[in-house]
1. Taking the options ALA130, ALA154, ALA161, name whichever one is touching a Gly at 6+ places or on another chain (Cβ under 7 Å), modelled with pLDDT of 85 or more and assigned to a helix (DSSP H, G or I).
2. Do we have any residue at all in region 75-92 that's within 28 Å of SER105 (Cβ to Cβ), free of Cβ contacts under 8 Å to residues at least 60 places away in the same chain, more than 25 Å from the chain's Cα centre (by Cα) and surrounded by 12 or more Cβ atoms within 10 Å (Cβ to Cβ)?
3. Could you list, ordered by first residue, the pairs with Cβ atoms under 6 Å in which the first is in region 355-380 and not assigned by TED's automatic domain parsing to the domain that holds ALA154 and the second is surrounded by 15 or more Cβ atoms within 10 Å (Cβ to Cβ) and at pLDDT 95 or above, at least 6 apart or interchain?
4. Given the criteria part of a helix (DSSP H, G or I), touching a residue at least 60 places away in the same chain (Cβ under 8 Å) and more than 28 Å from PHE329 (Cα to Cα), does ILE187 qualify?
5. Go through region 287-346 and give me each residue that's surrounded by 23 or more Cβ atoms within 10 Å (Cβ to Cβ), farther than 14 Å from THR377 by Cα and either more than 18 Å from the chain's Cα centre (by Cα) or of a type in the set (A, V, I, L, M) (or both).
6. Could you please let me know if TYR79 is of a type in the set (Ser, Thr, Tyr) and not in a helix (DSSP H, G or I)?
7. Could you grab me the full set of residues in region 244-263 that are among the aliphatic types (A, V, I, L, M), touching a Leu at 6+ places or on another chain (Cβ under 7 Å) and either part of a loop (DSSP other than H, G, I, E, B) or not assigned by TED's automatic domain parsing to the domain that holds LEU219 (or both)?
Amino acid sequence: MKLPTAAKILLTIAIIGGAIFLVTNAYFAGNAMPFLFFTLTLASVILVLLRVGRSWLDLGFLTLAGTGLGVISAWHFHYRPNWESCVSFLGLGSLVVLGLRAVWSQGEKQKLLMLAFAPSFLFSAFMVSAGFALEKIQAWHPKTLDLYLFSFDASLHVQLAFLVGQAFAVLPWFRAIGVALYIALPIPMAMVYAGQLLRGREKAFPAMAAFLLTGPIGLLFYNLFPALGPAHIFLQDFPWHPMTTAQAAHLLREPIAVKGVQNAIPSLHMAWVLLAWWYSRGLSVWERGIAMMFVVFTAFATLGTGEHYFIDLVVAYPFSVMMQSLCAFPLRWGQRERVTGVLYGLLVVLAWFVALGYAPNLFWISPVIPWTCCVATVASAIFVHRKLEAATEAAGRQQVASAGEMAVALS
């Protein structure tokens, strides 16, 4: 895609002007930049730039751009930047450099940089707007269904969120690692996407789409079953004073009015790291190892911080399969594996919502029932995922073979 010089100049002005507008905007500076998760989202752009650019010059440019944006913001608002804002400025600076390089490059390099810039920009934009969307969900649903989720977790006869929370309390190093990886969620996604983009774009496109769509679609599901997490319900009683199993069995399950961010079920943190692990297939051992490390410690952190119930993690599995199936672009829309994955994920998530909300007593008949349902959900999700992955890889090989045959025919 060859752009006219005039268009390049206009895009350059838009990118630089947009960055300056953001760092001098009161909402962005007051709400987005202090949010550590958004800070690390921008930090992940640095990783993308350095992976696809592979140039010391890029490192110098992003440092210069980040420093310049930081100086402009500090001068405009008259404050001393902290480390979070400094990282945000560097991340925003890397987004600017990535965009400018995409505009002024040519040929395949331009395509590569544009494919790196576009999803980085969109994911950062989503993180800015996510807080506003979650505030709206809270306004639409003043009462939450946390007691139903807690009741299910208690029916397992092992309250895992409280147990992991206690482990976090007595093992500071365990908590530090878990929380660090929990909030560093954008890093494995950026690593996997950049790695697949360099390796071959046939896997990069589905990964990019799945990472981007998981957030907005997850917000829709939050509206269907609004809940916060045990730490927001039990407050100072979490994690050391859980209800006994007998008390939980006789708990009056009803919607309760609690203020907070309603982002419990399904756990999007778990869904994102699962997708990062699944899409890391074919990358190096160290990249796959990092992705798996995020899966393990994110599972612990979602529970140990009290932000999620165990069932939130279970439901994240079919939800992730649905997202992967939606974005399985090498497959036709009507292909069996793709349709199966979408319908399986959607129906299983909705089935859990119905069971949790309308048949909670079923799980109290015996702990075997809830445990069997959890194991069956995770196992079936992995089974459907592997079938989908095999079909996707077969379709990818077929496309490569067809392209090679066409090239031979034309030569």
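1. Only one candidate passes the filter, namely ALA161.
2. No, the conditions are met nowhere in region 75-92.
3. Once the first residue is not assigned by TED's automatic domain parsing to the domain that holds ALA154 and sits in region 355-380, no partner that is surrounded by 15 or more Cβ atoms within 10 Å (Cβ to Cβ) and at pLDDT 95 or above comes close enough.
4. no
5. Correct list: ALA291, ALA299, ALA301, LEU303, GLY304, MET323, ALA328, ARG338.
6. It is true that TYR79 is of a type in the set (Ser, Thr, Tyr) and not in a helix (DSSP H, G or I).
7. LEU251, VAL258, VAL261
Residues checked against (1) over 17 Å from LEU313 (Cα atoms); (2) in contact with a Leu (Cβ under 7 Å, 6 or more places away or on another chain); (3) among the hydrophobic types (A, V, I, L, M, F, W, C):
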{"residue": "MET189", "(1), (2), (3)": "yes, no, yes"}
{"residue": "PHE205", "(1), (2), (3)": "yes, no, yes"}
{"residue": "PHE221", "(1), (2), (3)": "no, no, yes"}
{"residue": "ALA227", "(1), (2), (3)": "no, yes, yes"}
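The values are calculated or read from the model by the stated rules, or taken from the named source; none is laboratory data. Being a predicted model, the structure only gives us computed values, none of them experimental. So basically every Cβ, Gly included, is an ideal-geometry build from the backbone, and we count neighbours across all protein chains shown.
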